[in-house]
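Here is the structure we will look at, set down as structure tokens.
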Amino acid sequence: MFCLSAGISIDAPASILFRWLCKLRVAPYSYDWIGNHLTIHLRNPSFFPSLAISYVSAPVDEHSSRLIVKAVIQGEGLQGLLFRPWFAPADLVMMKKQLKTLKSLAEESATLA
């Protein structure tokens, strides 16, 4: 098992950011959310190892928030050997893009509100 985490500051309230996070639920994953917390879990994957990604929208003040993401990958045996070397660098690139996109969408929504 290995973990990755990332975070970004956003100039939008946590409530607006969380609305954008909830849109991630339309992807074909199972999910569980409580308050400003969303977890996406890929279970029984055929090729990829088991994966869970948690998003937390934390308020900084009335007008800004912090988005924190943590991914936990459970790859053991051959699957772990195959995915571990390239998963972290590839996921960091993809996660950085996702965080920037969510930041942009939340900040644009905050200016329209």
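The values are calculated or read from the model by the stated rules, or taken from the named source; none is laboratory data. Predicted model only: the values in this text are computed from it and were never measured. Here Cβ is always computed from backbone atoms with ideal geometry, including for glycine, and neighbour counts include all displayed protein chains. What goes into the accessible areas is simple: the full protein's heavy atoms, side chains included, and nothing from ligands, DNA or RNA. Shrake-Rupley method; radii C 1.70, N 1.55, O 1.52, S 1.80 Å.
Of VAL93, VAL56, the residue with the largest accessible area leads and the full order is VAL93, VAL56 (1.4 Å probe). PHE18 exposes around 20 Å² of accessible area when a 1.4 Å probe is run over every protein chain in place. Summarising the label geometry, the points placed 7 Å from Cα in the beta-carbon direction at VAL60 and LYS23 lie 2.1 nm from one another. Residue ranking by accessible heavy-atom surface, 1.4 Å probe, largest first, among SER50, SER57 comes out as SER50, SER57. Computed from the Cβ-Cβ distance with R0 of 25 Å, the FRET efficiency linking ILE8 to LEU78 stands at 0.15.
A simple count of charges around ALA110, restricted to other residues whose Cβ falls under 13 Å of its Cβ and scoring Lys, Arg +1 and Asp, Glu -1, yields -3. A 1.4 Å probe over all protein chains sorts CYS22, CYS3 by accessible area into CYS3, CYS22, starting with the largest. In this view, the solvent-accessible surface of ARG66, computed with a 1.4 Å probe and all protein chains in place, comes to about 90 Å². Between LEU112 and ALA88, residue separation times 0.36 nm minus the direct Cα-Cα distance comes to 5.1 nm.
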